Each structure stands twice: as C-alpha cells, then as structure tokens.
Amino acid sequence: MEVDFARNLTEEPSHHPDCCVAISRHFLTSLLNLLPSYPALVLSVGSGSGYLEACLLYLAGSESLNLLGLEVSPLVNKFLPEEYTVYVHGTYSLYEGAAAAEVLLFVYPREPRLMARYLQQLGQSSCQKIIWIGPVQDWPDYEDVLKSSDFASINVPAGCRVADYEMVCVATKC
C-alpha cells in the first residue's frame, strides 16, 4: 500500500489506521532525535503494520537511519518495505540478531515478560538504549522489568508531545 506520509502527518498527535501510537510530525522528529545515526541498528520489536517505522524512515531517509521492524508474520506488515523487516516464528520467539542492535524500540508491547527475555538475551551486547512507548497505565509493569535489568537508568524525555494517555521512556545501560 502506497501512503503519502507527509500529507498524513499533523502537528498534534493523532491516530492513524494500523498504528497503535498517536503520531505527529513533532513526535516523530523527537523520536528520531533519540535514535542513533546510520550505521547503528535500531530494532523495532513488534513493528505491526510498520506504519510508525515507515514514517521514521521517510522523515530520516534510509541513508540516515538503519532500522529493522521485527514481527511474527509478513502478513501483518503493510507499510515497511520488505528489506527493512525480519521475522520470528512466534509471539514469544526471540530474534537472535537483536544483540547487534544499539537501540531496541518497544511500541505498545503486549507482554512485559517478552521484553524481559530480550533484556536477558542482550547481556554484553552493543545495545545501549531501550525506548518504550505506550499507555501511561501500562508503564509500571515495564518499569519494573527495566529496573531489574542493566537498563535501569530511566528517563522520560521532555517535549515528545505524545497523546495525554501515552508516554515515552528511555532506559540506558547503567
């Protein structure tokens, strides 16, 4: 499906079909500022339709952002080009290449235990940052997971301009 991302981006966070998080041009720019430049790898765990990831690539340019969307089935992805996607066999399967990522991005994850398993898998990897985006009411479950990991240095970046019921948290290795 071809989408005119520039036309669909607004200044205030709004929902788009096939995207869990409310996005805006400002939100995407703020998120891009949290991500490393190419060639550092960003792995979006549970990328779903790929709309958010495709918007990020559109705004940053594929030469500036090395991003992979991770999903369980190619049937879910609608927007992210195939060369930017990787797949696992099931909902609780871990992607072995995650250790190569400098940043793991979790947007509206469904299961804190899956994130905990990824954090355990990372060990001494090059991953330096976890970005969690989701509903404020879900944050305590994920905060507990992060606080019991090597990524216990947590901050909420100012100015991301998310919807009132959403938040962005950045956890870095201690």
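Taken together, Val162, Val136 contain a single residue that is under 24 Å from Cys19 (Cβ atoms), β-branched (Val, Ile, Thr), at pLDDT below 95 and in contact with a Phe, Trp or Tyr (Cβ under 8 Å, 6 or more places away or on another chain), which is Val162.
If the condition is being over 17 Å from the mean Cα position of the chain (by Cα), farther than 19 Å from Pro36 by Cα and in a loop (DSSP other than H, G, I, E, B), then region 125-165 contributes Ser148, Ser149, Asp150, Ala152, Asp164, Tyr165.
Residue by residue, here is whether (1) surrounded by fewer than 17 Cβ atoms within 10 Å (Cβ to Cβ); (2) within 25 Å of Tyr165 (Cβ to Cβ) holds:
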{"site": "Tyr87", "(1), (2)": "yes, no"}
{"site": "Leu104", "(1), (2)": "no, yes"}
{"site": "Arg110", "(1), (2)": "yes, yes"}
{"site": "Ile133", "(1), (2)": "no, yes"}
{"site": "Glu143", "(1), (2)": "yes, yes"}
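Is it the case that region 100-120 has a residue that's among the small types (Gly, Ala, Ser), within 21 Å of Glu53 (Cα to Cα) and part of a helix (DSSP H, G or I)? Yes, the conditions are met somewhere in region 100-120. Looking across region 91-126, the residues that are touching a residue at least 40 places away in the same chain (Cβ under 8 Å) and in contact with a helix residue (DSSP H, G or I) (Cβ under 7 Å, 6 or more places away or on another chain) come down to Ala98, Leu104, Phe106, Val107, Pro109, Met115, Tyr118. May I ask you to list the residues in region 71-85 that are more than 20 Å from Leu41 (Cα to Cα) and surrounded by 13 or more Cβ atoms within 10 Å (Cβ to Cβ)? Once the filter is applied, which keeps residues that are more than 20 Å from Leu41 (Cα to Cα) and surrounded by 13 or more Cβ atoms within 10 Å (Cβ to Cβ), region 71-85 yields Val76, Lys78.
The values are calculated or read from the model by the stated rules, or taken from the named source; none is laboratory data. Computed from a predicted structure; not experimentally measured. Don't worry about glycine lacking a Cβ; one is built from the backbone with ideal geometry, like all the others, and counts go over all protein chains shown.
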